[in-house]
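> Mind having a look at this structure? Questions to follow.
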Amino acid sequence: MPFRRRKAPTFREKLHRAIFPPKGFRRVLGYYRLKILRIGGSPHAVAAGLAIGMVSAWTPFLGFHILFAIPFAWVLGGSMVAAALGTAFANPVTCPIIWPLTWEIGQFILGRAGGGEARPVDLAALFSQLKLSELWDPILEPMLIGSLPPGLFCGLLVYVATYFGIRSFRNSQTERRLARRSEYQQAYEREYQPGNLTAQPADRKSVDA
């Protein structure tokens, strides 16, 4: 490729770009906003799909969010494209906030917060020895349960904001199209009004003479 970089970016550079976009967060958010507004489907379908993706992003199953979001969106009549886009909420910036928050909420719901049931967990040993079955009770269970309250709350906010935002955007587009059509119609009527049409034969006759 003519514009390809000579040196491929390292993993560290890719991670830095993901956390700190070169063009700024405002540009990235504006890009996602336009992408959401242009998704096909009814406002309900797009809003429901985006909300389902948001709820899925709060769960601790990183890498499987899309696999959870798309089937739920299909069952509930939401947009699968919007659901996949909603899972982008789980990213290198938000995950360090989501994971400890959901774990603390889950510990509180399960009655383990500040109690004697909580025990120290050596995460490095569990992952290095691939004892994934032992991750459920101390890590995954509280994170999964703790993800439901903030996930459902954020999903509801996303649904309401997306539904009314898309409806307002499409209504404004329709009004602009109608206004443009009305301007064209008025210009056509001014140019081809009856007085001009009756004057054309006389002008043509004078030219022939």
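Every number in this text was worked out from the coordinates using simple rules, so none of it is lab data. Computed from a predicted model, the values in this text were never measured in an experiment. No Cβ is skipped: glycine too gets one built from the backbone with ideal geometry, and neighbour counts run over all protein chains shown.
> Over all Cα pairs of region 42-191, how is the pair count split among 5 Å bins, expressed in % and running from 0 up to the last occupied bin?
2, 10, 14, 15, 14, 11, 9, 7, 5, 4, 3, 2, 2, 1, 1, 1, 0, 0
> Under the Karplus relation 6.51 cos²θ - 1.76 cosθ + 1.60, θ = phi - 60°, what is the ordered set of whole-Hz ³J(HN,Hα) values for region 84-95, x standing for Gly and Pro?
Each residue of region 84-95 in turn: 5, 5, x, 5, 5, 4, 7, 9, x, 7, 8, 4 Hz.
> Something else now. Explain nothing, just the number: dipole magnitude of region 42-191 about its Cα centre with +1 on each Lys and Arg Cβ and -1 on each Asp and Glu Cβ, in debye rounded to the nearest 20.
In debye, rounded to 20, region 42-191 gives about 580.
> What list of ³J(HN,Hα) values in whole Hz, one per residue of region 142-152 in order, does the Karplus curve 6.51 cos²θ - 1.76 cosθ + 1.60 (θ = phi - 60°) give from phi, with Gly and Pro shown as x?
x, 5, 5, 5, x, 7, 5, x, x, x, 5
> Moving on. If R0 is 41 Å, what FRET efficiency do you get for Arg170 and Glu134 from their C-beta distance, rounded to 0.05?
0.20
> Roughly what would the spin-label model give for Ala161 and Glu189, points 7 Å off Cα along C-beta, in nm?
Each label point lies 7 Å from its Cα, and together they span 4.4 nm.
> Right, another one. What does the charge add up to near Ala45, with Lys and Arg as +1, Asp and Glu as -1, over the other residues with Cβ less than 14 Å from its Cβ?
Net charge around Ala45: +3.
> Here's something else I'd like to know. Would you calculate the separation in nanometres between label points at Phe61 and Phe153, each defined as 7 Å from the Cα along the Cα-to-beta-carbon direction?
2.4
> Another question, then. Residue-wise, which Karplus ³J(HN,Hα) couplings in Hz belong to region 41-58, taking 6.51 cos²θ - 1.76 cosθ + 1.60, θ = phi - 60°, and x for glycine or proline?
x, 6, x, 5, 4, 5, 5, 5, x, 5, 5, 5, x, 5, 4, 5, 5, 7
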